[in-house]
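Note sheet for the following structure.
The values are calculated or read from the model by the stated rules, or taken from the named source; none is laboratory data. Being a predicted model, the structure only gives us computed values, none of them experimental. Methodologically, a virtual Cβ is constructed for each residue, glycine included, from the backbone with ideal geometry; neighbour enumeration extends over all protein chains shown.
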Amino acid sequence: MTNKEYANMLLPGIDKTVEDYEKMYPIRDLKENAIVTRFAPSPTGFVHMGGLFAAFISRKMAKQTDGVFFLRIEDTDKKREVEHGIEGIITDLKNFQINIDEGVISQSSQMGNYGPYIQSERKDVYQAFAKYLIENDLAYPCFCTEEELEEIRKKQESQKERLGYYGKYAKYRNITKEEAKEKIDNGEKYIIRLKSPGNFEDKFKFKDLVKGVIELPVNDLDIVIIKSDGLPTYHFAHLVDDHLMHTTHVIRGDEWLSSVPIHTQLFSIFGFKAPKYAHIAPLMKDTENGRRKLSKRKDPEAAVSYYTELGIPVEAVLLYLCTVANSNFEGWYDQNKDKTLDDFKLEFSKISSSGSLFDVSKLLNISKNYISRLTKDEVYNLALEYTKNYDKEMYDLLVKYESYSKSVFNIERVQKKPRKDLSMMSEIKKLNWYMYDELYYTYDKKYIYPITDKKEIETILNTYINEFYIIDSKDEWFNKMKDLSEKLGYAREVKEFKEMPASFKGHVGDISMVLRVALTSLNETPDLYEIMNLMGKERILKRFEDAIKNL
Ligand code: GLU
């Protein structure tokens, strides 16, 4: 039996060769140094923050070098797959504006010339590459049963040896073609293993773009390349796909760092150029018991849906991810207010090699600043989009009072130091409910005035509305407040009151607090003048009447 016949026997029905496939996946026409990279998740559950972080970095690197970012679905482990896993990944990426240039765009459609981008649809491609190895005596069938593998493991454990299928433990490494044929004729099941040419005693060095120079032992494991269901293992699929798709950079979680010896060995066996690797450390979280990895299981903020549900603007999340990736981003962004995320150049060498802190309160702070820079229309649109899904009552009010709502969002917005109380759209109602009569008159309210004399409060409210109400400039308004204070025996200035407290009932601050509380039931609000201006005399009067009733 020739090697070719042997390969055909082991992997029948494959008519294309490695060369054929290389022709079908020509070199990409891109400028030098363009980064071609991918996000390659398995459809095994929701995308978590760590995944989104890696996808964000990958897309940004591709974009800033005029390269290509594609989405490949790694579904070779059929047992771990979840229903709607692919759609979930696509939606999460879309929601966070991680747009792809190529790859899977829905369960049933893909775009790009280097596909298919779903690994289970590429079985023949992997097998063609595996056949090449068999023909060159670099791969062989292994007929080990579960029990036999277990036996090997036990033996290694008892002799305190390294675990794995290698060297003298590689039972079928030297199986002859005839022996293999006999077993196959007997109906025995097999998988295909690499005949590793490596020696574990040897070391090799490589430069990881994030972790720096790393030295690892050379791989000597005869790893599985094709499983019994005919699908490849992760390692083998990585080689085949990233070679054919011309990936220049593999950006992935550092749990894969220890697999680099296997990967570079595979690339070198085929004589292919290996991609550059950038291994990203897990995101970290500070807890009472110290710093630990952000956990999919324990931390709600690890799920990307958390941010959507709270209504944190996507842009704010992206700005934060950029800060986590390169901490110099924050300062740059502050100094370049006219620039966007796309103008910033992300660098691999500035990514933390040990794991960056992921801190939701910091993210909210970034979000607050981000929202404070938006126009009233932009805030309105974000609020509308959020409440549409999460707060029907608020949504209806926003729709009904569109231009009024925009004015509400404009309070203290267009000024040197804009208002910064809003960090997520789930707080829209909590921060603005009192501006909507429909909500105001149905809520339970507590009025806490700076003075206790009810008659006095009534007098202040009535005198204001009857004699001092004015819609004019803020200065005019403030002067009227002072006049009102003086008329009722309060100091025009706080300073004046402090100098001679016995001569006054209080000061202008007390007067405005009475008005504020009567108008909103709150002791803290944004600028009272702007609120009054927006509400108008009639609504103010009605609220005062209501407040007086509640005294
Ligand atoms: N499917 C692998 C994972 O989900 C991808 C790793 C890689 O990017 O190469 O971890």
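Residue under question is I470, and the condition is that it be part of a loop (DSSP other than H, G, I, E, B) and on the phi < 0 side of the Ramachandran plot; does it hold?
Spelling it out, I470 is indeed part of a loop (DSSP other than H, G, I, E, B) and on the phi < 0 side of the Ramachandran plot.
Pairs under 7 Å by beta carbon, first residue of a type in the set (A, V, I, L, M) in the stretch 533-551, partner assigned to a loop (DSSP other than H, G, I, E, B), six or more apart or different chains?
That search, which allows pairs on different chains as well, returns A547/Y447.
Of the residues Y307, Y277, only one is within 15 Å of the ligand (Cβ to nearest atom), outside any loop (DSSP other than H, G, I, E, B) and either surrounded by fewer than 22 Cβ atoms within 10 Å (Cβ to Cβ) or aromatic (F, W, Y) (or both); which?
It is Y277.
Hey, among M49, M1, which residue is in contact (Cβ under 8 Å) with a residue 12 or more places away in the chain and buried (at least 16 other Cβ atoms within 10 Å of the Cβ)?
Of the residues listed, the single one that is in contact (Cβ under 8 Å) with a residue 12 or more places away in the chain and buried (at least 16 other Cβ atoms within 10 Å of the Cβ) is M49.
Of the residues Y132, Y117, Y140, Y126, which is buried (at least 16 other Cβ atoms within 10 Å of the Cβ), touching a Pro at 6+ places or on another chain (Cβ under 7 Å) and either within 18 Å of L231 (Cα to Cα) or not β-branched (V, I, T) (or both)?
After applying the criteria, what remains is Y126.
Looking at this structure, is L266 within 14 Å of the ligand (Cβ to nearest atom), touching a residue at least 40 places away in the same chain (Cβ under 8 Å) and either touching a helix residue (DSSP H, G or I) at 6+ places or on another chain (Cβ under 7 Å) or farther than 19 Å from F46 by Cα (or both)?
So L266 fits the description; yes.
Among P197, P141, which is the only one that is part of a strand (DSSP E or B), touching a helix residue (DSSP H, G or I) at 6+ places or on another chain (Cβ under 8 Å) and in contact (Cβ under 8 Å) with a residue 40 or more places away in the chain?
None of the others qualify; the one that does is P141.
Can you spot a residue in the stretch 51-72 that is more than 27 Å from V125 (Cβ to Cβ), in a loop (DSSP other than H, G, I, E, B), within 14 Å of the ligand (Cβ to nearest atom) and among the aromatic types (F, W, Y)?
Checked the stretch 51-72: no residue is more than 27 Å from V125 (Cβ to Cβ), in a loop (DSSP other than H, G, I, E, B), within 14 Å of the ligand (Cβ to nearest atom) and among the aromatic types (F, W, Y).
In the stretch 119-134, is there at least one residue being within 16 Å of the ligand (Cβ to nearest atom) and touching a Leu at 6+ places or on another chain (Cβ under 6 Å)?
Within the stretch 119-134, not a single residue is within 16 Å of the ligand (Cβ to nearest atom) and touching a Leu at 6+ places or on another chain (Cβ under 6 Å).
Anything in the stretch 30-49 that is modelled with pLDDT of 95 or more, small (G, A, S) and more than 8 Å from the ligand (Cβ to nearest atom)? List them, or say none.
Of everything in the stretch 30-49, just one residue is modelled with pLDDT of 95 or more, small (G, A, S) and more than 8 Å from the ligand (Cβ to nearest atom), namely A34.
What tally of residues in the stretch 310-354 results from selecting those that are among the hydroxyl-bearing types (S, T, Y) and part of a helix (DSSP H, G or I)?
Residues that pass the stated criteria total 4.
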